[in-house]
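Coordinate-derived values only; no laboratory data. All values derive from a computational prediction rather than experimental measurement. Note that we place each Cβ from the backbone using ideal geometry, even for glycine, and neighbour counts take in every protein chain shown.
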Amino acid sequence: MGINLQKGQRISLKKEAPKLEQLMCGLGWDVAKKKGGFLSGLFTTDFDLDASVLCLNQDGKIKSNSEIVFFGNLRHYSDAINHMGDNLTGAGDGDDEQILVKLPLIPQNIHKLVFVVNIYNALERSQDFSQVENAFVRLVNLSNNQEIARYTLSGNGYQGKTGMIMAEIARVGDDWEMMAKGEGFQVKSLGDVMKLYS
């Protein structure tokens, strides 16, 4: 069983999973059940949450569009990061989207991986993270399929937030550290997320 992280907590991957080379970042969520009468269920719409990875340099910036892995660019040019595909509804148990990371292949100029989830067409659909439940991010060691750590969003305060920085993995010397973030913001698209780091 992995470590259940609290917001702002960080762990050393080298300490928690010695010799870690390949990991899977799983992200999942559920759509909150609408409260109300028997007709409320007739007006529910699917939530299309998109997981992305932003690859930042030592200045915390995105150098180019090729440093973003998302549903429109499933593979990083280094082959270090591979997105396993888009889940359009969030239906089902477990991970809704998975991203594979090969730590030794990450180019030296990349110092931080930022795992972001944003709601597709959120403003048009009047959707935000206050309508999402059980959103989580977890890291799994692919050599033994053991979960290293998990962070689950908790509490309120996500009204109007259409994007979420779930976690970061940062290079620290010869180690990598994971930090639970849970920071929400309002964006229309992934392009707006990129502007935060440009």
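Using a Gaussian network model of the chain in which every pair of alpha carbons under 10 angstrom is joined by a spring, one finds that among 28, 72, 182 the greatest mean-square fluctuation is at 72. Couplings 3J(HN,Hα) for the range 183-198, derived from phi with the Karplus relation 6.51 cos²θ - 1.76 cosθ + 1.60 (θ = phi - 60°), are 9, x, 7, 9, 9, 8, 7, 4, x, 5, 5, 4, 4, 5, 10, 9 Hz, where x marks Gly and Pro. Here the chain is treated with +1 on each Lys and Arg Cβ and -1 on each Asp and Glu Cβ, and its dipole about the Cα centre works out to around 420 debye. Computed from phi, the 3J(HN,Hα) profile of the range 133-145 under the Karplus parametrisation 6.51, -1.76, 1.60 (θ = phi - 60°) reads 10, 6, 6, 9, 10, 9, 10, 10, 6, 6, 6, 9, 6 Hz, with x in place of Gly and Pro. Legend: distances between Cα atoms for 63/188; 19/188; 15/188; pairs beyond 30 Å are 19/188; 15/188.
The phi-based Karplus calculation (6.51 cos²θ - 1.76 cosθ + 1.60; θ = phi - 60°) puts the 3J(HN,Hα) values of the range 65-80 at 4, 6, 8, 10, 10, 7, 4, x, 8, 6, 10, 6, 4, 7, 6, 7 Hz, whole numbers, x for Gly and Pro. In the range 73-198, taking the dipole from charged Cβ atoms about the Cα centre, the farthest positive-side position among 114, 85, 137 is held by 114. Run the numbers for residue 6 and residue 61: contour at 0.36 nm per residue of separation, minus the present Cα-Cα distance, in nm. Stretched fully, the residue 6-residue 61 segment lengthens by 17.2 nm.
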